[in-house]
Amino acid sequence: MDLVSFLQLLLSGILLGGVYALLAAGLALCFGVLGLLNLAHGSFLVLAAYAYQTLQAAVPYGSALGFLLIPCLCGLVGFVTFTALLGGPYRRSPEDFLTPALLITLGLALVLEELVAILWGHSMAGVEDRFFPIQLGQLSLSGNRALILIMMVVLSAALHAWLKHTDSGRCLRALAQDQLAATVVGISPVGTSALAFTIATGLSAMAGLFYVTLFTVTPHLGLPLTLKALFLIVVSGRRSVVAPLSGGLLLGVLETLIAGLMGASWASIIALTTLLTCLCYRPDGLFTEGGLHKAH
Amino acid sequence: MRSRTCLTVLIVLAIVKFLLVPDESPSAPPDAIRVGATVSTTGKYATEVGPFQSLFEAWVADVNQRGGVYLRHYDRKLPLRLAVYDDRSDAATARRFCERLITVDRVNLVFGPYSSPLTFAASGAAEQHRVPFIAVCANSPKIYERGFHWIVCVIDAAPRYTYRYWEMIQAEGKARSVAFVVEDSLHPVGVYEGSRELATRAGLQIAAAEVVPADTADFTPVVLKLKKLDPDIVYVAANIPFAVAFMKQARELKLSPREFHCIHHSGIFRQPLGSAAEYVVGQSYWAPGMRYGNPERFLSLLKTAGINLDAYPWSPAYMMAFEIAEEALSRAGTLDPETLMNTLRNLRITTLGGPVWFAANGVGTINAYPSQIQKGAYQIIWPPEVATGRHVYPTPAWEKR
């Protein structure tokens, strides 16, 4: 393999890592920080993708409007969902929250799936990519994927800074560490968690807007995407909002290089086996050292 | 004593006659022709055929508006009565509902579900109960290798899916090499295997054949390889989501063969690709401008059903199935399953998509025509007697599309 091809593969792998990180960002915040495994994560992504497609086709400047409006609206839906459906069980028994949360979010995922299917009549969604490829000498860069990667780096840094340097972020970390102690010192568990869930849902929606410009989306794609994101979080380390970006980059580069060297059919299986083997030695995830709990 | 024996013999004979001879006397005709189908209204195939129950309903209403189908055995027109179930895109459910259609709804004719896996399962029930079964969009040869008697399929077998394209390439004599990019799933692999052989027979050199997992998110390695090989044709044997993702990256990485062929380039294909979809060649069962069958009736049914042809490119195949069913019923003139099945197997008619007849294993002759996207519309480009447009080869550069 010549140097240009190698660099092109490396670059594409890095950009693919950004896409993986984008998929996992919302779930990472929910699962890693809040301890809530939101099975409706992918369904919010799908809902946002369809809404974006409709808005983009129906309204002038629909793309820009979509990027401004849809994450905010989905965040609002997330806030209402948490307050109405998840707040009760969370308030009653924070220790045993995982099981009811799993069931509630699974139910929500199915409802959202059907809602999308009814509203958009089972058709596929797909939006034209408006970004031109970037040419760096002999190397080509997908404009869309480059934007996703830049956004993920900024977003991960912003989330990390929020959790570390703001009051609400500190409250969230305190809740993640010891809910009872946090409540005793006056932190509202439901209010703080609702804020995190709102941001996480907004991130899922943001992922949907980008995802639908790269790939096609069907109403039933939600749960498979959630599982994909969950895998990335487990491998990267669930107690950090930055870890999925590192994990995504590693997975993306591994997959692309293996596909280039050995053929595309080997890429996923070898990359995933390598990561799972690493996980045997680092069961808390590959990128947990600087994680949330260490930040204290 | 003797008269009692005679009476007993008469009663036994009457019972035997009642049991053995089907009640088909013209004096007691059935009240309707019962037809049944399962449609993937929900589940993964809903994106392909979700609203097709409406298409069935529109067809039945259209036939019934004209008084039904004339069956000479009963010397009257009988209306169609339809039973449809949602198979949820699941093979076991399709089989279960096919059983129900036959045993509970007592249908005279079953239309198969969408896709090969579902048809493979559902057709077993029709074979077991000896009821005519018309498979619509199910071209995996595995379905027809089982020696079933009670099945016919509208469309040709998967390996021949693009034979007309290779015929055209050979006749034109412009392309010299082809590289295959294949989605690793049942239907695309089946089409690829047949196409590879047909391409070789057409005199093309096989530059590469990359079988890639269906959920591939980055095609850079494949695209780089193809850029080096520079084949005349890049042939993408894939379902639409895979083909869209590949084409997006092909444009980003400036892969520029003389032609892209995506076996499925309808449905949502054009929308996310925009100008990148221009000049892509693929397969269409029907396009406006073709002169076979009764296009006006087809378009009217689509309108009644509220179905958009571009979004649901399989709808012409269903129309052909309706035409086949109507003609077979009319020619059989009876609802006797054996007669109806034999009529179906020996049928030769011209449908919306062209002439159809069935091979001994039940596989039909309807095959897709090569079509090219030109200024956002599908043009059939081969054979000349069917073509609605001219084949543009080589494809203009990306920036000129």
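Here are the numbers for the structure shown:
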{"quantity": "Test for A:GLY107: is it modelled with pLDDT of 85 or more and either surrounded by 18 or more Cβ atoms within 10 Å (Cβ to Cβ) or among the small types (Gly, Ala, Ser) (or both)", "calculated": "yes"}
{"quantity": "Check on A:VAL116, touching a residue at least 12 places away in the same chain (Cβ under 8 Å), within 12 Å of another protein chain (Cβ to nearest Cβ), part of a loop (DSSP other than H, G, I, E, B) and within 22 Å of the chain's Cα centre (by Cα)", "calculated": "no"}
{"quantity": "Test: A:LEU279 is more than 14 Å from chain B (Cβ to nearest Cβ) and within 16 Å of A:LEU22 (Cβ to Cβ)", "calculated": "no"}
{"quantity": "Qualifying residues in the stretch B:228-245 (those that are part of a loop (DSSP other than H, G, I, E, B) and more than 21 Å from the chain's Cα centre (by Cα)) - the one farthest from the other protein chains (Cβ to nearest Cβ)", "calculated": "B:ASP232"}
{"quantity": "Filtered residues of the stretch A:230-282 (kept if among the β-branched types (Val, Ile, Thr) and within 12 Å of A:GLY13 (Cα to Cα))", "calculated": "A:VAL253, A:THR256, A:ILE258"}
{"quantity": "Long-range neighbours under 9 Å by Cβ, at least six apart or interchain, first residue without any contact (Cβ under 8 Å) to a residue 12 or more places away in the chain within the stretch A:81-110, second charged (D, E, K, R) and crowded, with 17+ Cβ neighbours inside 10 Å", "calculated": "none"}
{"quantity": "Subset of the stretch A:156-187 (residues that are modelled with pLDDT of 85 or more and either part of a loop (DSSP other than H, G, I, E, B) or acidic (Asp, Glu) (or both))", "calculated": "A:THR166, A:ASP167, A:VAL185, A:GLY186, A:ILE187"}
{"quantity": "Selection status of B:SER256, at pLDDT below 90 and more than 7 Å from chain A (Cβ to nearest Cβ)", "calculated": "no"}
{"quantity": "Residue identified as assigned to a helix (DSSP H, G or I), farther than 29 Å from B:LYS375 by Cα and within 14 Å of chain A (Cβ to nearest Cβ) among B:LYS248, B:LYS225", "calculated": "B:LYS225"}
{"quantity": "The stretch B:292-318, subset charged (D, E, K, R) and at pLDDT 90 or above, residue farthest from B:GLU57 (Cα to Cα)", "calculated": "B:GLU296"}
{"quantity": "Options B:ARG106, B:ARG100, B:ARG96, B:ARG81: the member that is at pLDDT 95 or above, more than 26 Å from B:ALA359 (Cβ to Cβ) and part of a loop (DSSP other than H, G, I, E, B)", "calculated": "B:ARG106"}
{"quantity": "Residue in the stretch A:237-250 that is buried (at least 20 other Cβ atoms within 10 Å of the Cβ), in contact with a Gly (Cβ under 6 Å, 6 or more places away or on another chain) and over 23 Å from A:ALA158 (Cβ atoms) present", "calculated": "no"}
{"quantity": "Filtered residues of the stretch A:132-155 (kept if in a loop (DSSP other than H, G, I, E, B), at negative phi and loosely packed, with under 14 Cβ neighbours inside 10 Å)", "calculated": "A:PHE132, A:GLN138"}
{"quantity": "Listing of helices (runs of 4 or more DSSP H) fully contained in the stretch A:1-106 that carry 1 or more residues being aliphatic (A, V, I, L, M)", "calculated": "A:3-27, A:41-58, A:62-81"}
{"quantity": "Residue match in the stretch B:210-225 (condition: at pLDDT 95 or above and not aliphatic (A, V, I, L, M))", "calculated": "no"}
{"quantity": "B:THR162 vs. criteria polar (S, T, N, Q), within 13 Å of chain A (Cβ to nearest Cβ) and in contact (Cβ under 8 Å) with a residue 12 or more places away in the chain", "calculated": "no"}
{"quantity": "Any hit, the stretch B:248-261, residues being under 22 Å from the mean Cα position of the chain (by Cα) and crowded, with 23+ Cβ neighbours inside 10 Å", "calculated": "yes"}
{"quantity": "Count of residues meeting criterion [touching a residue at least 40 places away in the same chain (Cβ under 8 Å), in contact with a Pro (Cβ under 9 Å, 6 or more places away or on another chain) and either assigned to a helix (DSSP H, G or I) or surrounded by fewer than 24 Cβ atoms within 10 Å (Cβ to Cβ) (or both)] in the stretch B:117-136", "calculated": "3"}
{"quantity": "Filter pass, B:THR38 being crowded, with 24+ Cβ neighbours inside 10 Å and either under 19 Å from B:SER123 (Cα atoms) or away from chain A (no Cβ under 14 Å) (or both)", "calculated": "yes"}
{"quantity": "Test: residue in the stretch B:15-36 that is among the hydrophobic types (A, V, I, L, M, F, W, C), modelled with pLDDT of 95 or more and part of a loop (DSSP other than H, G, I, E, B)", "calculated": "yes"}
{"quantity": "Filtered residue count, the stretch B:194-222, keeping only those that are out of contact with any strand residue (DSSP E or B) (no Cβ under 8 Å at 6 or more places or on another chain), in a helix (DSSP H, G or I) and facing chain A (nearest Cβ under 9 Å)", "calculated": "2"}
{"quantity": "Residues located in the stretch B:259-293, provided they are assigned to a loop (DSSP other than H, G, I, E, B) and within 12 Å of chain A (Cβ to nearest Cβ)", "calculated": "B:HIS264, B:SER266, B:GLY267, B:ILE268, B:PHE269"}
{"quantity": "Cross-chain or 6+ apart pairs with Cβ under 9 Å, the stretch B:170-183 first and under 14 Å from B:VAL223 (Cα atoms), then charged (D, E, K, R) and in a strand (DSSP E or B)", "calculated": "B:ALA179/B:GLU210; B:PHE180/B:GLU210; B:VAL181/B:GLU210; B:VAL182/B:GLU210"}
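Each row is one residue, and each column tells you yes or no for (1) under 20 Å from A:THR105 (Cβ atoms); (2) in a helix (DSSP H, G or I); (3) facing chain B (nearest Cβ under 8 Å).
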residue	(1), (2), (3)
A:THR201	yes, yes, no
A:ALA207	yes, yes, no
A:LEU221	yes, yes, no
A:LEU232	yes, yes, no
A:GLY247	no, yes, no
A:THR256	no, yes, yes
A:GLY260	no, yes, yes
A:ALA267	no, yes, yes
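The values are calculated or read from the model by the stated rules, or taken from the named source; none is laboratory data. None of these values were measured; they are calculated from a predicted model. For neighbour counting, all protein chains shown are included, and Cβ atoms are generated from backbone atoms with ideal geometry for every residue, glycine included.
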